[in-house]
Amino acid sequence: MQAEVIFTGTELMIGQILNTNSQYLQQTLALWGIDLFYQVTVGDNLERLAQAITQASERAGLIIISGGLGPTEDDLSRDALAKSLGVPLVINEKALKITRRLFDERNVPMPDNNLRQALVPPGGIVLDNPIGTAPGMIFEQNEKIYVLIPGPPNEFKMMLNNEIEPFIFEKLGSERKIIKSRVIKLSGLGESTADQQLGDLLQSANPTLAPTARFSEVHLRITSKAESVEKALQMNAELEEKIRQRVGDYIFGTDDETLADVVGRQFESRRLTLATVEYLTGGVLANQLNVIKNPGNFYKAGFIIGSNNPGIENLSFSPLPGKEQAEQLADWCKKAVNPDLSIAVTGKIKETGKEKKLRGTIYIATNHNGKTRSGEFVLWGLPQDIKERAAQLTLSTLWRIGRDFGQEG
């Protein structure tokens, strides 16, 4: 079964609120084994919403419409469904009881405009909403399933899990499939190079393999569709093994793992300590290391410097960003708190060329066992993007050092 999702509300279109329902629904549909090929957002306009429903009917068998079930004139999902399908709307007694329930419990009269929430096409299935006044509904026509569900996240999730899921499972019966995904995370390999090395694997139909570039990482998402969870996981594992044979040297983690998580485990498992100095990233690196589990087990200190004359005792360094400055900062950090490894990140951001693009020149230096090493990197983008990518590059450097520690051991 293929699904299309329509989210309604002008507040979504203008970015006034974050659509958290979107991710939750995507994850739920994957668990149900339903493919989601299209997702659209439509403002509070009857004609456009009806048109979106008509278009969805041409592409999918399950059309889910979220939001627009309130009592006001701009809550248009019911009307748009009726207009698109050419069906009337009538007061449904079950829906009316659901709408009245919260008013009766509070012993307050229900405004007349709430009657709109009890309108359902004849033959529609009413879905209970224990925590709100907007009933949901399911309507079937021409072998298509239309689901209307309230927009407030608590109501959305409860109705999706308690009312819609049992209906969908019964519909799917023995045809139900399971969709499972796994993300393989790489560092130190560009997206285009990964594409070249993985080649034919990216053409696989089931499981599928999709690369995504994120800052200084490449994420490879494997997705399998099978009759059981066990089979889907097996299919994912088989493709993952092929990926590891080709780009294993660049893989640092999977799924929800971050570079900081992996670095933390490397240092903690080998009982090594770390200290950092930042003179560009403004604490982005220290923050990433501090939010992981038990950073105090390995992370001794994080220094953030904002000027050439920070007033720190025994700290002097070149005022010009460069390898020399980074090395001096790494050496000072090593002397200051005596970690097993100190690392410094510094650099400069400036406009370049006729188009005045922002170029970040980043310098990273380490001090381990009294030996200082440094490297230079070039990054492009907005200032905050450059700073975040510089922090990721520094974490990538730490990951490779930590991996080499393990090989030495």
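The values are calculated or read from the model by the stated rules, or taken from the named source; none is laboratory data. Since this is a predicted model, take the numbers as computed values, not measurements. Positions of Cβ are generated from backbone atoms using ideal geometry, with glycine treated the same way; all protein chains shown enter the neighbour counts.
Brief remarks on what is shown
- Of all the residues in segment 287-301, those that are surrounded by fewer than 21 Cβ atoms within 10 Å (Cβ to Cβ) and within 28 Å of the chain's Cα centre (by Cα) number 8.
- Single match in Glu240, Glu268, Glu217 (criterion: crowded, with 17+ Cβ neighbours inside 10 Å, outside the structural domain of Leu36 (by TED's automatic domain parsing) and within 14 Å of Gln392 (Cα to Cα)): Glu217
- The one condition in (1) at pLDDT 95 or above; (2) not in a helix (DSSP H, G or I) that Leu96 fails to fulfil: (2)
- Residues in segment 293-315 that are assigned to a strand (DSSP E or B), touching an Asp or Glu at 6+ places or on another chain (Cβ under 9 Å) and farther than 12 Å from Ala336 by Cβ: Ile304 only.
- Some residue of segment 271-282 being exposed (fewer than 14 other Cβ atoms within 10 Å of the Cβ) and either assigned to a helix (DSSP H, G or I) or modelled with pLDDT under 95 (or both): yes
- The set of residues in segment 313-332 being surrounded by 12 or more Cβ atoms within 10 Å (Cβ to Cβ) and among the hydroxyl-bearing types (Ser, Thr, Tyr) consists of Ser318 alone.
- Segment 353-374, residues that are over 31 Å from the mean Cα position of the chain (by Cα) and not in a loop (DSSP other than H, G, I, E, B): Ala365, Thr366, Asn367, His368, Lys371, Thr372, Arg373, Ser374
- Count of residues meeting criterion [surrounded by fewer than 21 Cβ atoms within 10 Å (Cβ to Cβ) and not in a strand (DSSP E or B)] in segment 333-352: 5
Listed here are the residues, each with its yes/no results for (1) of a type in the set (D, E, K, R); (2) outside the structural domain of Phe37 (by TED's automatic domain parsing); (3) in contact (Cβ under 8 Å) with a residue 60 or more places away in the chain.
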| site | (1), (2), (3) |
| --- | --- |
| Leu49 | no, no, no |
| Ala56 | no, no, no |
| Thr72 | no, no, no |
| Leu102 | no, no, no |
| Glu105 | yes, no, no |
| Asn114 | no, no, no |
| Ala134 | no, no, yes |
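- Here the condition is being at pLDDT 95 or above, in a strand (DSSP E or B) and either outside the structural domain of Leu25 (by TED's automatic domain parsing) or of a type in the set (D, E, K, R) (or both); of Glu140, Glu155, it holds for Glu140 alone.
- Here segment 108-162 is the region considered, the condition is being within 19 Å of Ser57 (Cβ to Cβ) and aliphatic (A, V, I, L, M), and the residue that is surrounded by the most Cβ atoms within 10 Å (Cβ to Cβ) is Ile149.
- Of all residues in segment 72-93, those being out of contact with any Asp or Glu (no Cβ under 9 Å at 6 or more places or on another chain) and modelled with pLDDT of 95 or more number 14.
- Only one of the numbered conditions (1) assigned to a helix (DSSP H, G or I); (2) in contact (Cβ under 8 Å) with a residue 40 or more places away in the chain is violated by Val147, and that is (1).
- Residue within segment 310-318 that is of a type in the set (Val, Ile, Thr) and in contact (Cβ under 8 Å) with a residue 12 or more places away in the chain present: no
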